[in-house]
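Notes follow once the structure below has been shown.
FYI, it's all coordinate maths here, none of it is from the lab. The structure displayed is predicted, hence computed values, not measured ones. In this analysis, Cβ positions are derived from the backbone assuming ideal geometry, glycine residues included, and neighbour counts consider all displayed protein chains.
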Amino acid sequence: MKTGYSPPTRITGNTARGAQRRTEIIDAAIEVMARIGLAGLSMRVVAGQAQIPLGALSYYFADKADLVAQAFQQLSDREIERVVRTADLLEPTMSAEQLGDLVADMIIDGFTAPQGAIVTRYELVTEASRDERLHPMFEAWYAAMVPALSRLFRDLGSRQPELDSRTVMAVMAGLEIDHLYRPLRPVDKRRIRATLRHAFRAVIALHD
């Protein structure tokens, strides 16, 4: 599933290598934003991180705003792929513990692959409050997750499946924000898993 941002046309040679190089530069920008924040991002810093000449960035990005938008696009597309992949595994025959563990695995994985992605995603969510071009990408995540969870809760007998799905998503977002400031420790992973198991048990119990 792709989101709504269409980057300006740049001269990249239209080759597989050009597309790969663009992805590598964006990944470098993601690492920079995770380390020093969006405010500290500059084309010069990104060029240094990506180990390419500063002038070469103009072949791929019109300016810093274009780079930021494309970074959000890349992060959003990757996140949606992870969400859809996890949602496809959720079955109404599973226990609350099994459901919670699958979603916990998705959240825990999000802290490690790629490096800095989750911190950067929240940086860009904040930026979306100031840049309307980023709104469709942020909304696409919900567009992917809400229907998937709603189907699950509907199959479980929920009378308000969308509300139930948004409740679980709020718990997921809270867990991510609570753990942004440091690397996940084993105890943090156990708490994330326990919290999501409890959330699924509580929501499912409403409809028993």
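Values as computed for the structure displayed
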| read-out | value |
| --- | --- |
| Kyte-Doolittle mean at least -1.0 and Cα axial length at least 20 Å: DSSP H helices in the chain | 16-36, 64-87, 96-110, 135-155, 161-178, 186-205 |
| Two-decimal log10 I(q)/I(0) for the range 19-72, as the Debye equation yields it once each C-alpha is a single scatterer, q = 0.18 Å⁻¹ | -0.46 |
| Cα gyration tensor category, rounded, prolate or oblate, for the range 114-208 with a/c compared to 1.5 | oblate |
| For the chain: Kirkwood Rh in Å [reciprocal of mean 1/r, alpha carbons] | 18.3 Å |
| Sequence of 93, 195 once ranked by neighbouring C-beta atoms within 10 Å, starting from the fewest | 93, 195 |
| Which of 111, 61 has the fewest Cβ neighbours within 10 Å, and the rest in rising order | 111, 61 |
| Relative contact order (%) - the chain, alpha-carbon pairs under 8 angstrom, separation at least six | 26 percent |
